[in-house]
Every structure is written in structure tokens, then in C-alpha cells.
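Enquirer: Please see the structure below; I have some questions.
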Amino acid sequence: MTLNKVGKKARTLFNCSPNQESGAVEFHLPIEIKVADFPDPSIYDVDVFGIYGSYAYLVALSKTSGEFGKFIYPQIFIDGKLIAAGCFQELHLNREKLNELGRLFSADSSWTIKLESLLKGLLGAKSKSLKVLIAGNCQVSGPYGLFFIETLTEKQQLSVWQQLIQFIESELDPYSILLVKDLNGKSDQMDLLWRRDNFTSTQALPVMQMQIMPQWESFSDYIAAMGSKYRIRAKAARKKGRELVVQRWNSQQVAEHINDIMNLYQQVYQRARFRLQKVNEDYFLNLSMLESDKFIFNAWLQNGQLVGFSTMLLDQKRADAHLIGLNYDTNKSHSLYLNMLYQYVEDAILSRVELLDLGRTAMEIKSTVGAIPVDLSVYMKLKNPLLNGLACMMAGSTAPETWIQRHPFRQN
């Protein structure tokens, strides 16, 4: 018997929905939904939705789709007035592509590993494929799947999300997996609302963020705020990397060195455990053409040779560490990655932002520079009811990944 032919009793047994819906807030916002194949520059305005919801950035992101799928752009209206717009990614994955991409989920919990093995087993060696829709941006951490106008309340935003997902399930081609990525915050109320639609709250690594103190006017001020142990560590890392030269590159310099850039990016990408979407050279070339207050490309040179690069996206009062590339021999001999983290902090201070987001992974080393973990909600739904139920059961029976949170700043 195939998994699609499970009986009514089995479907009930493995249902993700809560047994009781007490406490759920019923709210319905009357909306109109449209889905486009390409971002509309009149809708995706950087002044309305920020850098990640801007036409310029989304054009760069769209060039990463390649052989794995495409992007779709939902737009939400009330009485003809735009209230939200988004960017979702559609992936077509067979077993070979799943193996190439590595991990499907960012957390290394036992249930995600078992679920991935089960999905790959179902695909077998034949030409079967999974059609996956990701409501969110695979390249950055944060709530960048759907952008709302400022006047919408949290309750209204949840109503839009639920109606949009229902529209996708009824009107668009069926998806094997629906993944809603990085909603702000985590709460029992939010989990309850998503579980009513048979979504599971998945285990995802926290995002490492740090507040940039307003009194920090330079990197020296930041170092002075540290305890002696971490102040010594930072100075030692900088000393170890003293032969490295950091240059801020423009679009012409990025274009001239794009082959070296892609080679360094590939070295990091191949070592990553979670690499759901690989970018191509057009992504870096397009980002480098953004305004200087929106994108920073730092080239790391040793004896005139490019040995690494680090990129940063700036969005109003926050800065996000973005893609990097590095030579691992240089990383070992010159603490290249740790120096990149300190450079992110310095650039954030000089950019006068309030928050620096260092992304997921390498959580402990990021905590040594001052970042703390922040949980974002990630919800998943599998089309197959039995697999979806098993995912719900496994999600509730595993512990999060353990690591040591460091505290580099002096306690006042």
C-alpha cells in the first residue's frame, strides 16, 4: 500500500492539528491575491519594504534560481490597495539534487535527519522529484518572505499569511513540501494558528544577533566594552591577521575578480551543511551595483592576492552579514573568519546601525564577538498526510542543538 492510500483512521492518528482550538483568535481580513512571475518595480519599493523587498535586490536574487526552480511573487490587496508583497522560491528536487544540496533543514536534530532520510528514500533511484515551495529567502535569515505595510497589526499579518497559504494550496500546482521561513518571534498562539492548518513548527538554528551600542563610535570603543579575556582574544586575532589587507570593492573591481570570488565562495559552499540554494556570479555582480549604503563588499588580500571576501547588506537601522568566501589555509594561519566577524562589527558601528545580524551556524564563535541567539519561527507542511504526521510527532520529541553561549562584554 502506498503512503498516499492511508486509511481515514491513520490520517486522523497522524493529524498535525491540535485536539482543541481554545485560545485561537478567529480573524479574517478580506483580501485579494495575485501572483506574478517577476517583481514589479512599481510595487517592490525599497522605501516601503526595505532592501530585501526592493526591485533591485529581488532581480539579483531571481538570477540564482538556475536549474532548481523559480521564484514567484505574491501580492496582497484590500479594495485595490497594496498591503503586502512577497518573494517565494519554488524548487524541483530529485534525489541527485537533494544529495548535491546537502542538508534540507538547518538544524542537526535527530528528527530532521530522519525526515530527510525518509524523503530521499521515497524518491528512490528513479526520476521522481519533490516540488518544494519556500515562503522566505534562502540566502538570508529573517522574515523576508512577505513584506507588509507598516499599518498592519500582527493579527492582520497572520490572517494574510493563512489566507495566502490556503490560496497557494488551492490555486497553484501542488507542492510536496511547504516551508514558511523565519517569521518574527515564537509563541504558543502562533504555533496554534499554524497547527490548525497542519503545519509543524520545525527545529531551526537560532539567528545570531547583536545590538550595536549608540556610545560605540569606533571599533576601539567596542573593544573597550569587553572583558579582559575577550579583549585579549580580539587583539590577538587582529595581530594574527595583520598581514591581511581589507579593501572595499566597487562593482568594477568585483567584475574584474569574479572568477576568484566564485572560487572562494565555492570553497565555503561545499563545506556548508545547509546549502539549499547556491548563487551564481550574477548575484554578486548585481549586488555590487547597489548603492554603497545598501551593500558592502570587503576584499581580503594577502600579498596582493584575494584570499577571502565578506559581504554585508544594510537595511535601514540594521546590518546583515551576508555571503563570504575564504581560503581555508589562510583562515587557519591568519584567523581569517574571526577577523571577518570583527570587521562586520566595525562596519556596523561605522554605518550607525542599531542591530547586526550574523546569521545562523557557527553560533559559539559568533557569540564570542557579542552575538546572542534569537529564535525565528519556521513552519513546514508535507503534502503526504502520513509523512506530515510523522514529522509532527518527531518534532515534538527532540531536543535543540547544544552549544556554549559566550559573554564577551563586561557586566555593569
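Enquirer: Note down, for the range 208-373, the three equivalent ellipsoid semi-axes (square root of 5 times each alpha carbon gyration tensor eigenvalue), biggest first, whole angstrom.
Expert: On the way: eigenvalues 115, 68, 49 Å².
Output for the range 208-373: semi-axes of 24, 18, 16 Å.
Enquirer: Next question. Given the Cα-Cα distance of ASP221 and LYS240 and 0.36 nm per residue of separation, how much length would full extension add, in nm? Walk me through the numbers on the way to the answer.
Expert: Details: separation 19, 0.36 × 19 = 6.84 nm, distance 2.07 nm.
Length difference between fully extended and current span is 4.8 nm.
Enquirer: Further question on the same structure: Please list 288-295, 46-53 highest first by mean number of surrounding beta-carbon atoms within 10 Å per residue.
Expert: Details: 288-295: 15.4, 46-53: 18.8.
By packing density, highest mean first, the sequence is 46-53, 288-295.
Enquirer: May I pose another question? Under the 0.36 nm per residue contour assumption, what length would be gained going from the current alpha-carbon distance of ARG231 and ILE404 to full extension? Display every interim value, and only then the final one.
Expert: Working: separation 173, 0.36 × 173 = 62.28 nm, distance 1.87 nm.
Gain on stretching ARG231 to ILE404: 60.4 nm.
Enquirer: How large is the convex hull of the Cα atoms of the range 126-216 per residue, expressed in Å³ as a whole number?
Expert: 162 Å³
Enquirer: So, one more: How many nm is it between the label spots at LYS383 and ARG352, if each spot is 7 Å from the Cα in line with the beta carbon?
Expert: Between LYS383 and ARG352, the label points sit 5.1 nm apart.
Every number here is computed from the coordinates shown, using simple stated rules; none is lab data. Just so you know, these numbers come straight off a predicted model, no measurement behind them. Because the Cβ atoms are built from the backbone with ideal geometry, glycine has one as well, and the counts that use them run over all protein chains shown.
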